[in-house]
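Right, one structure below, let's go through it.
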Amino acid sequence: MTFHVERPRWPRDPRARLGLALLGSIVLLATFGPLFTGDPTAPVAPPLAPPSWAHLLGTTGQGQDVLAQTLAGARVTLGVGFVAGLGAVLLGATVGAVAGYAGGWVDDALSLLTNVTLVLPGLPLAVLLAAWLPPGPVSLVAVLVSTGWAWNARVVRAEVLQLRRRDWVAAARLAGEPPLRVVLVEILPNLRPLLAAALVGATIYNLGAQVGLEFLGLGDPGAVTWGTNLYWAANDGALLTRSWWTFVPTGAGVAAVGLALALLQAGLTADAGSGAPVDTPVARPAPRRLPARDGRSQETA
Amino acid sequence: MSALAWLARRLGLYAVAAWAALTLGFALPRMVPGDPAAALLARLQGKAGPEAIAALRAALGVSDAPLVEQYGAYLLALTRGDLGVSVSRFPTPVAELIGGALGWTLLLAGVSVAISFVLGSALGLAAAWRGGVLDTVVGPALTLLGAFPYFWLAMGALHVFGFGLGWFPLRHAWDTSVAPAPTLEFGWGVVRHAALPALTLVGASVGGWMLGMRTSARSILATDQVLLARARGLPTARVVSAYVLRNAVLPHLTGFGMALGFVVSGALLTEVVFSYPGEGWLLVQAVRAQDYPLLQGLVLAITLAVLAANALVDVLTLLVDPRTRAA
C-alpha cells in the first residue's frame, strides 16, 4: 500500500490564510457580538433613525437596532450556509463516489441524475421547493442541499474514476476488502483537499442563494437573518426614505464573507494542486460569487 | 463520438431535465407533508370566488381522481400551453401573465448578458495580453464587485443614482406619461428605464467573464503557435484575433451556457428591486399573494427557457468549433 494521508495542516497559501483570518473574525463577531447588542427584534428607538452614538448603525423601519440585527442575522445565515454546504458536499461525495466506483448501470443512472440536476437552473428550482416547505432554516438547508449537491458529485466521480485504477486500490480489492471499505479508507482520504475546497465553494453558493430566497419572501419573515433583513429593508421603504443604513451593513457582511471564502477557496485550490499525493485533483473553476455549473458530460470535458 | 451523437445526447439530457421539472411541479404539491393546499384553501375561503377556489383546487391537486389520471391531464394541459388560472389576478390565465412579462425579462437579461459577455471577454483578453493596471486593479476590483449579491448592488445603485442623484427613473419599464406606441419618445423611455438595472447586472457579472477569458487566453498565449506568429512579425491585431481570440473564446462559450442560469437568477432578483415588470417581479408577486398556480407556471417557464438557451449554445458550439465536429 503506497498511499499516504497528509495530516491536517494550516493552508500554506497566503490567500487562504488571509481568507481564514477574515472568516474567523466574522465568525467571532457573529458568535459573541449578539451578547453585547441585546434583543435584535425589540423596538428600541424611533423607526429609520440614522446612525448615532446610541445606535451605531441606526434603526430599521420597525425601530430595531441595525447593528444588533446584522450581528444576529450573521449567526443564522452563516450557520445555514455552512450546514447546507456540508450537506451538499456529503451528499455529492457519496453519489459521486458510488457512481465512480460502482460503474455500469449504477454509474449511468447516478450520472444522469447528476447532470439533470446540474442543467436545471438553481434559483427557480429552489423557489419551487421553498414555496412548498414550511418557512425556516431547516427548510432552507433542505432546499440548498437538494439543489446544490450535483457539482460535488461530478467532481468526486471524476476523481474516483482516476483513483480506482491506482495500484493500492487494486491491491486492496484483490486482498478482499469490501467495496465500502475501499471507498472510505483507500480512496476518500485522498480527496480531502478537494472536498475542503468543495465545502468552501458550496458555502459561497449557499450564501447567495439563501439571501436571494429570503429576499423574495421565501424565508421565515419573523426570523432575523441577513436575507430577511434585506427583505424588510425593501418592504419598509429603505430606498424611498433614503435609509441606506438599513441595507448597507447586511450587504457588506455578505460580501465580506463571500470575499473571505473566495480567498480561502483560491488558496485551498492552489494548495490541493501542489500537495496532492498522486493525481492533481480536478479543482473548482475560478472563484465567482456563485460557482459555475458545468453542464457538459464528462467525456467531452 | 460523432458530433451528431454528442448533440443528440445533450438534447436528450435537456429533455430529461425538462421532464423532471414538469414532474416536480406536479408532484411537490401532492407530496408535501401537512397538506398546505388545504390550509391555503381554508385561508382563501370567502376571499376568493368559487371559480377561483375550483381553479386552485385543480392546480394544487386537491382532487379525487387517481394520480395517473391527474398526471395525464396535467401533461395534456401543458402541451396546450395551459398553465392554469392565476389566483391573485383571477381569472387571468397564468400563461397570459407570463407571456406579458417575458418580453421585459428577455430585453433586460438578454442585453445585460450580451454586454457583460462581450465587455468581460474583451477586458480578459486585454488583461492576458497586456497585464498592467487591467490585471492588477480592474480585475480584482470587478471580482470584488461580484462578491456582492446582485440585488443588493441594485438597491445601492437605485439609492445613489435613482433616489439620490435623480439620474435614472425609479421603477417600471416605460414612461407612463407617454402613450405606449412605437415612437422615438416611448423607446427612449424604455431605454432610460432599463439602463440602471442593466448596468448593475453588467457590473455584477462582468468580473466572472473577465476572469474566465483571462485564464483561457493566458493558456493560449503560452502556446508555440502564438510565439511563432509573433516571431514571424504578424501585426498584433492579427495575432490576437486569428490566433488567440479564436481559440480562447471556445471554452468561454461553453461557460456561457453554464453561467446563464445564474445570470437569469440574478436578473430576476434585480427586477424585484426596480419593480421592472418582468418574470422576477411577477415571481415576487406570486410569492407574496401565495398564488401557487402562477408560481409554478413561472418556475416552469424560466426553467424551460434556460434549458432551451443551453441547447442553443450547444448547437452554436458545434457550428463554431470544428474540433467538436471532427472528434
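The values are calculated or read from the model by the stated rules, or taken from the named source; none is laboratory data. Predicted, not measured: the structure shown is a model, and the values here were computed from it. No Cβ is skipped: glycine too gets one built from the backbone with ideal geometry, and neighbour counts run over all protein chains shown. In case anyone asks, the SASA skips ligands and DNA or RNA and just uses the protein heavy atoms, side chains included. Shrake-Rupley method; radii C 1.70, N 1.55, O 1.52, S 1.80 Å.
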Handout entry: Over chain A: helical MRE at 222 nm, DSSP H runs n ≥ 4 each giving -39500 (n - 2.57), nearest 500
Key = -20500 deg cm²/dmol
Completion exercise
Tilt, helix B:67-79 to longest principal axis of chain B (alpha-carbon atoms), in degrees rounded to tens, equals 60 degrees
Completion exercise
Taking Cα atoms only, Rg over Rh for segment A:1-145 with Rh from the Kirkwood formula is 1.12
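In whole percent, how big is the carbon plus sulfur part of the accessible area of segment B:99-290, probe 1.4 Å, protein atoms only? All intermediate terms of the calculation are to be shown ahead of the outcome.
Numbers: 5750 of 8330 Å².
After summing per-atom areas, the C and S share lands at 69 percent.
So if I place +1 on the C-beta of Lys and Arg and -1 on the C-beta of Asp and Glu, and nothing else carries charge, what would the dipole magnitude of chain A be about its Cα centre? I want it in debye, nearest 20.
Numbers: 20 positive and 17 negative charges, 119 e Å.
Its charge dipole is roughly 580 debye.
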Problem - Dipole magnitude (debye, nearest 20) for the protein assembly as shown, charges at Cβ of Lys, Arg, Asp, Glu - result: 1560 debye
Practice task
Measure nothing but the geometry: give the 0 to 90° angle between the long axis through the Cα atoms of B:246-274 and the longest principal axis through the Cα atoms of chain B, rounded to 10°.
Solution key: 40 degrees
Exercise for the section: Quickly work out the B:ALA42-to-B:LEU107 label distance, labels modelled 7 Å from Cα along the C-beta direction, and quote it in nm with one decimal. Expected result: 4.4 nm
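Across all directions of projection, what mean area in square nanometres is found for the Cα convex hull of chain A?
On the way: hull surface 68.4 nm².
The Cα convex hull of chain A, projected and averaged over all directions, gives 17.1 nm².
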Practice task
Please give the per residue accessible area of chain B, computed with a probe of 1.4 Å over protein heavy atoms only, in Å².
Solution key: 46 Å²
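Looking at chain A, do any whole DSSP H helices span at least 30 angstrom along their long axis by alpha carbon and average 0.5 or above on Kyte-Doolittle, and which? Walk me through the numbers on the way to the answer.
On the way: long enough: A:66-102 (52 Å, 1.53); A:192-215 (34 Å, 1.00); A:248-275 (39 Å, 1.17).
What comes out of the filter, once short or polar helices are dropped, is A:66-102, A:192-215, A:248-275.
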Handout entry: Principal axis dimensions, largest first and in whole angstrom, of segment B:158-250 by Cα
Key = 61, 29, 22
Completion exercise
Buried accessible area between B and A, both sides, 1.4 Å probe, in Å² rounded to 100, is 5000 Å²
Exercise for the section: Heavy atoms only, probe 1.4 angstrom, no DNA, RNA or ligands counted: give me B:TYR243, B:TYR276 ranked by accessible area, highest first. Expected result: B:TYR243, B:TYR276
Problem - Per-residue SASA entry for A:LEU180, accessible area with 1.4 Å probe, Å² rounded to 10 - result: 120 Å²
Fill in the blank from the handout: Over segment A:167-272, with neighbouring protein chains present, the accessible area per residue in Å² at probe 1.4 Å is 31 Å²
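Averaged across B:310-322, how many Cβ atoms of other chains sit within 10 Å of each residue's Cβ atom? Before the final figure, lay out each step's value.
Details: counts 3, 1, 0, 1, 2, 0, 0, 2, 0, 0, 0, 0, 0.
For peptide B:310-322, the averaged partner shielding equals 1.
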Problem - segment A:47-122-segment B:159-191 distance, computed between alpha-carbon centres (Å) - result: 36 Å
Practice task
For segment B:145-163, list whatever residues lose no less than 50 Å² of accessible surface once every protein chain is in place, relative to that chain by itself, with the probe at 1.4 Å.
Solution key: B:ALA147, B:PRO149, B:PHE151, B:TRP152, B:MET155, B:HIS159, B:PHE163
Completion exercise
Taking a ≥ b ≥ c as the square roots of the Cα gyration tensor eigenvalues, with a/c under 1.5 meaning rounded and otherwise prolate when a/b beats b/c or oblate if not, segment B:99-290 comes out prolate
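Please compute, for peptide A:173-186, the average count of beta-carbon atoms on other protein chains lying within 10 Å of each residue's beta-carbon. Present the calculation step by step, with values, prior to reporting the outcome.
On the way: counts 0, 0, 0, 0, 0, 0, 0, 0, 0, 0, 0, 0, 0, 0.
Taking all residues of A:173-186 together, the mean is 0.
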Practice task
Pop a pseudo-label 7 angstrom from the Cα along the beta-carbon direction at both A:VAL44 and A:ARG17 and give the gap in nm to one decimal.
Solution key: 3.7 nm
Exercise for the section: Work out the FRET efficiency for B:ALA122 and B:TRP167 from their Cβ-Cβ distance, taking R0 = 25 Å, and round it to the nearest 0.05. Expected result: 0.45
Fill in the blank from the handout: Per the 1/(1 + (r/R0)^6) rule, R0 = 25 Å and r from the Cβ atoms of B:ALA114 and B:VAL137, FRET efficiency to 0.05 is 0.45
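Can you give me the % of accessible surface on segment A:44-105 that is carbon or sulfur? Probe 1.4 Å, all protein chains present, nothing else counted.
78 percent
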Exercise for the section: Rounding to the nearest 20 debye, state how big the charge dipole of segment B:99-290 is about its Cα centre with +1 on each Lys and Arg Cβ and -1 on each Asp and Glu Cβ. Expected result: 600 debye
Exercise for the section: Would you work out which of B:VAL264, B:GLY212, B:ALA194 lies farthest towards the positive end of the dipole of segment B:99-290? Charges go on Cβ: Lys and Arg +1, Asp and Glu -1. Expected result: B:GLY212
Problem - CD proxy at 222 nm, helix term only [per DSSP H run n ≥ 4: -39500 (n - 2.57); per residue of chain B; nearest 500] - result: -24000 deg cm²/dmol
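Want the number for B:ALA27 to B:LEU76: 0.36 nm per residue separation, take away the alpha-carbon distance, what's left?
Working it through step by step, the gained length comes to 16.1 nm.
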Problem - A:LEU29-B:LEU312 pseudo-label distance in nm [points 7 Å out on the Cα-to-Cβ vector] - result: 4.2 nm
Practice task
Give me the percent of Cα-Cα pairs in the protein assembly as shown that sit more than 39 Å apart, rounded to a whole number.
Solution key: 33 percent
Handout entry: Sorted largest first, extent of chain B alpha carbons per principal axis (Å)
Key = 80, 57, 40
Practice task
Ignore the peptide's own chain and count Cβ atoms of other chains within 10 Å of each Cβ in B:267-277; give me the average, rounded.
Solution key: 2
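Just by accessible area at a 1.4 angstrom probe, what is the order of A:ARG75, B:ARG9 from largest to smallest?
Output order, biggest surface exposure first: B:ARG9, A:ARG75.
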